[in-house]
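Novice: Here it is, the structure, as structure tokens.
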Amino acid sequence: MTTMSDTKPHIIQIVGYKNTGKTTLTASLIGHFSSMGLKVAAIKHDGHDHFEMDQQGTDSYQFGEAGAAAVVVMSAKRTAIMERKATRLEDMLSHLSGYDWIVIEGFKDASYPKFVMVREEKHLTLVDQLEGVVGIISWLSSEQFKERSIVSRDMAWYSVHETQEIAKSLLEMVQSE
């Protein structure tokens, strides 16, 4: 079983099929950790390359349209780097090494500790297909879930509505190692 790293940053992935609550849970975990004074970074995988960070009409958009391979916008409180190139997850994690926690939404095939979001019973098949699963976040009742033999490992199960408990269990996982 994959364990949480006891060195910072601690990394947790939230994975699952579309519309299973990944973004909601990711935002909840970020909020919980941030409220404790922890420095949290978030990484979101866009498998379809649909995202557009820069808005038409801005100077930075104009720089990108003119052919800049990277555009950096900096202010007293924020820095944004937009690069027109693929970046490996490992390279981004290295870049974010100064954070306490990194919450990754997506990147199913990465082998970091992960929670699998399960909205329907058929989603349980993901649990056995993926590396590093430390728990299941489910829309199903625990009775429905525990009757299933699909999941071969004894693993933590949480209701999608137990975000505080999920965050607490992550903190306990890293403290117990």
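The values are calculated or read from the model by the stated rules, or taken from the named source; none is laboratory data. Every value quoted in this text rests on a predicted model; they were computed, and no experiment measured them. All Cβ positions, glycine included, derive from the backbone under ideal geometry; neighbour counts span all protein chains shown. Quick note on the areas: whole protein, heavy atoms, side chains included, nothing else; ligands and nucleic acids left out. Shrake-Rupley method; radii C 1.70, N 1.55, O 1.52, S 1.80 Å.
Novice: Using a 1.4 angstrom probe on heavy atoms only, work out the carbon and sulfur share of the accessible area of the stretch 1-88 in %. List each step's numbers first, then the result.
Specialist: Numbers: 3290 of 6290 Å².
Carbon-and-sulfur percentage of accessible area, whole number: 52.
Novice: Might you tell me the accessible area per residue for the chain, computed with a 1.4 Å probe and given in Å²?
Specialist: 61
Novice: Would you be so kind as to identify which of 56, 26, 164 lies farthest towards the positive end of the dipole of the chain, taking Lys and Arg as +1 and Asp and Glu as -1 on Cβ and the Cα centre as origin?
Specialist: Sorting the options by dipole projection puts first 56.
Novice: Quick check for the stretch 17-145: number of Lys pairs with alpha-carbon distance under 19 Å, counting only pairs 8 or more apart or on different chains?
Specialist: Lysine pairs meeting both conditions in the stretch 17-145 amount to 14.
Novice: A follow-up question, please. Restricting to Cα pairs below 8 Å that are 6+ residues apart, what does the relative contact order work out to for the chain? Please round to a whole percent.
Specialist: Result for the chain is 33 percent.
Novice: Additional query: Please tell me the relative contact order of the stretch 1-86 in percent, rounded to the nearest whole number, where contacts are Cα pairs under 8 Å and at least six residues apart.
Specialist: 11
Novice: Given R₀ = 41 Å, what would the calculated FRET efficiency be for residue 73 paired with residue 121, taking r from the Cβ atoms and rounding to 0.05? Display every interim value, and only then the final one.
Specialist: Values: r = 45 Å, r/R0 = 1.11.
Computed FRET efficiency for residue 73 and residue 121: 0.35.
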